1. Can you name the residue in the range 17-28 that is more than 22 Å from residue 402 (Cα to Cα) and open to solvent by 30 Å² or more (accessible area, probe 1.4 Å) and, of all such residues, is nearest to the ligand (Cβ to nearest atom)?
2. Any residue at all in the range 88-100 that's open to solvent by 30 Å² or more (accessible area, probe 1.4 Å), at pLDDT 95 or above, among the charged types (D, E, K, R) and not assigned by TED's automatic domain parsing to the domain that holds residue 283?
3. Report, by residue number, each residue of the range 58-68 that is in a loop (DSSP other than H, G, I, E, B) and open to solvent by 30 Å² or more (accessible area, probe 1.4 Å).
4. So which of 41, 8 ends up being of a type in the set (A, V, I, L, M), more than 16 Å from the ligand (Cβ to nearest atom), open to solvent by less than 40 Å² (accessible area, probe 1.4 Å) and in the same structural domain as residue 373 (by TED's automatic domain parsing)?
5. Any residue in the range 391-402 that's aromatic (Phe, Trp, Tyr): show its pairings with residues that are assigned to a loop (DSSP other than H, G, I, E, B) and within 12 Å of the ligand (Cβ to nearest atom) at Cβ separation under 8 Å, as long as the two are six or more apart or on different chains.
6. Which condition number in (1) in a helix (DSSP H, G or I); (2) of a type outside the set (Asp, Glu); (3) in contact with a Phe, Trp or Tyr (Cβ under 9 Å, 6 or more places away or on another chain) is the one that residue 90 fails?
7. Give the range 101-139 a look and list any residue that's part of a loop (DSSP other than H, G, I, E, B), closer than 21 Å to residue 205 by Cα and modelled with pLDDT of 95 or more, or say none.
8. Just one of (1) within 16 Å of the ligand (Cβ to nearest atom); (2) among the β-branched types (Val, Ile, Thr); (3) surrounded by 15 or more Cβ atoms within 10 Å (Cβ to Cβ) trips up residue 14, so point out which.
Amino acid sequence: MDNEDLFARSQQVIPGGVNSPVRAFRAVGGTPVFVRSASGAWLTDVEGRRYVDYVGSWGPMILGHAHPAVIEAVRAAAGLGLSFGAPTAGELELAQLLCRLVPGLEQVRLVSSGTEATMSAIRLARGFTGRNLVVKFEGCYHGHADALLVKAGSGALTFGQPSSAGVPAETTAHTVVLPYNDASALAAAFERMGDRIAAVIVEPIAGNVNLILPDAAFLQALVELTQRAGAVLILDEVMTGFRVGLHGAAGLYGITPDLVTLGKVVGGGMPLAAFGGRKDIMQCVSPLGPVYQAGTLSGNPVAVAAGLATLRLVQAAGFYDRLGALGARLVSGLTERARAAGVAFCAQSIGGMFGLYFAARPPASYTEVMACDQKAFNTFFHAILHEGVYFAPSAFEAGFVSAAHDDEALAHTFSAAERAFAALAS
Ligand code: KE4
């Protein structure tokens with residue numbers, strides 16, 4: 001069956017034909033690519049078409065697809081049994097490794113998705129502080145837990161309203177949504193209700209609204225204002241953890257959060273995420289303390305094996321220097337070809353993640369991202385997909401390179417980009 005057939009049939013039995021909305025191509029239009037297999041930097045769809053992949057399963061595939069060492073680790077673990085619901089030595093090894101590499105991580109709990117990690121971290125921050133209010137930022141995505149499916153209220157400091165059906169207003173009434181990179185709005189919120197704020201949760205680099213880099217003043221305000229008010233600073237590094245550096249964005253910017261959430265790369269492509277941080281806070285988690293959190297497949301041995309195999313390899317000397325150089329090479333090559341075609345385009349990268357913008361300069365806020373030319377992105381997306389390059393099917397997502405993106409993959413990307421930008425310019 002081809003992509004069209006599979007999509008038509010999938011929509012009969014799966015909402016939208018997909019198991020996660022962004023995969024449905026609704027933002028860009030057209031029929032999603034159904035993947036048959038992937039290896040290194042390349043995807044192969046059910047029609048046998050090959051694509052250089054810059055989605056990387058939305059971040060996990062930092063080594064490239066089907067890395068032999070990761071596949072072998074999964075195979076070996078699977079042969080010993082898939083799940084026990086009992087502690088294993090692998091979970092201890094992974095927990096110790098994470099505590100060694102992730103700033104602020106004194107204790108950690110493994111879960112199965114980023115959503116579980118952030119949901120649990122927020123419950124924990126509320127249980128630890130005895131407060132209810134949570135601050136998040138417009139454009140940041142932390143998974144689909146009810147309290148986080150919230151959009152900015154009418155005024156900057158009003159409480160959020162649900163951004164999804166099925167979420168009671170009472171649930172989001174305790175969530176405040178502020179503008180990203182706006183230190184003064186954050187200060188005003190703390191001025192007004194700091195003693196009621198349990199936590200601030202933030203993507204230290206915003207990767208769910210295309211890519212927005214943090215202002216230094218914003219980062220400083222996050223640390224100082226939470227410390228002063230006794231609120232918990234939760235860095236959501238589900239995307240940036242082990243993506244922008246071995247010590248994540250926290251390491252890059254010299255921040256020590258109170259809690260941190262991890263996902264994607266830590267599972268190497270298998271369902272594994274984590275939350276953790278200060279020991280005095282983590283001691284509140286069941287069975288030690290009153291904050292309940294649990295999971296049948298938490299710390300799953302096969303997922304742990306994939307995560308350990310991946311994290312062993314990203315620690316290789318120079319791994320992130322090479323990955324960062326790859327990202328920089330990609331964005332400069334694309335920018336060059338856009339300029340040659342006379343297309344208004346810019347791009348930026350940080351470590352192994354990047355943003356592409358049909359705009360004059362990289363956006364520094366949610367509003368500026370929304371002002372980028374989405375129509376141009378959608379045209380470019382399909383034109384380059386047709387040439388065998390697979391970017392995220394949305395103008396509001398970051399992209400990812402892997403260690404497997406070699407000269408061949410980049411050369412293919414740049415020649416495809418020449419034709420895609422020319423199509424845009426015509
Ligand atoms: P998951 O529940 O999807 O594993 O993680 C949620 C999450 C939490 N925090 C951050 C910073 C995230 O980026 C995510 C998930 N990211 C999206 C990509 N934009 C996952 C893709 C999808 O929803 O299919």
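1. At the first step, the residues of the range 17-28 found to be more than 22 Å from residue 402 (Cα to Cα) are 17-21, 24-28.
Remaining after also requiring open to solvent by 30 Å² or more (accessible area, probe 1.4 Å): 19-21, 26-27.
Working: 19: 8, 20: 3, 21: 7, 26: 12, 27: 12 Å.
Ranking the qualifying residues of the range 17-28, first place goes to 20.
2. So in the range 88-100, the residues open to solvent by 30 Å² or more (accessible area, probe 1.4 Å) come out as 88-89, 91-93, 96, 99-100.
Then keep just the ones that are at pLDDT 95 or above; that gives 88-89, 91-93, 96, 99-100.
Now restrict to residues that are among the charged types (D, E, K, R): 91, 93, 100.
Of the ones still in play, those that are also not assigned by TED's automatic domain parsing to the domain that holds residue 283 are none.
Scanning the range 88-100 turns up no residue that is open to solvent by 30 Å² or more (accessible area, probe 1.4 Å), at pLDDT 95 or above, among the charged types (D, E, K, R) and not assigned by TED's automatic domain parsing to the domain that holds residue 283.
3. From the range 58-68, those in a loop (DSSP other than H, G, I, E, B) are 59-64, 66-67; that's our starting set.
Answer for the range 58-68, where residues must be in a loop (DSSP other than H, G, I, E, B) and open to solvent by 30 Å² or more (accessible area, probe 1.4 Å): 61, 66, 67.
4. On the way: 8 fails: open to solvent by less than 40 Å² (accessible area, probe 1.4 Å).
None of the other options fit; the residue is 41.
5. Note: pairs meeting the criteria are 391/55; 396/27; 396/208; 396/209; 396/210; 400/55; 400/59; 400/243.
6. (3)
7. So in the range 101-139, the residues part of a loop (DSSP other than H, G, I, E, B) come out as 102-106, 112-113, 130-132, 138-139.
Applying the additional criterion that residues be closer than 21 Å to residue 205 by Cα yields 102-105, 113, 138-139.
Answer for the range 101-139, where residues must be part of a loop (DSSP other than H, G, I, E, B), closer than 21 Å to residue 205 by Cα and modelled with pLDDT of 95 or more: 102, 103, 104, 105, 113.
8. (3)
The values are calculated or read from the model by the stated rules, or taken from the named source; none is laboratory data. Note that the coordinates shown come from a computational prediction; the quantities given were computed from them, not determined experimentally. Reconstructed Cβ throughout: ideal geometry from the backbone, glycine too, with neighbour counts over all protein chains shown. What goes into the accessible areas is simple: the full protein's heavy atoms, side chains included, and nothing from ligands, DNA or RNA. Shrake-Rupley method; radii C 1.70, N 1.55, O 1.52, S 1.80 Å.
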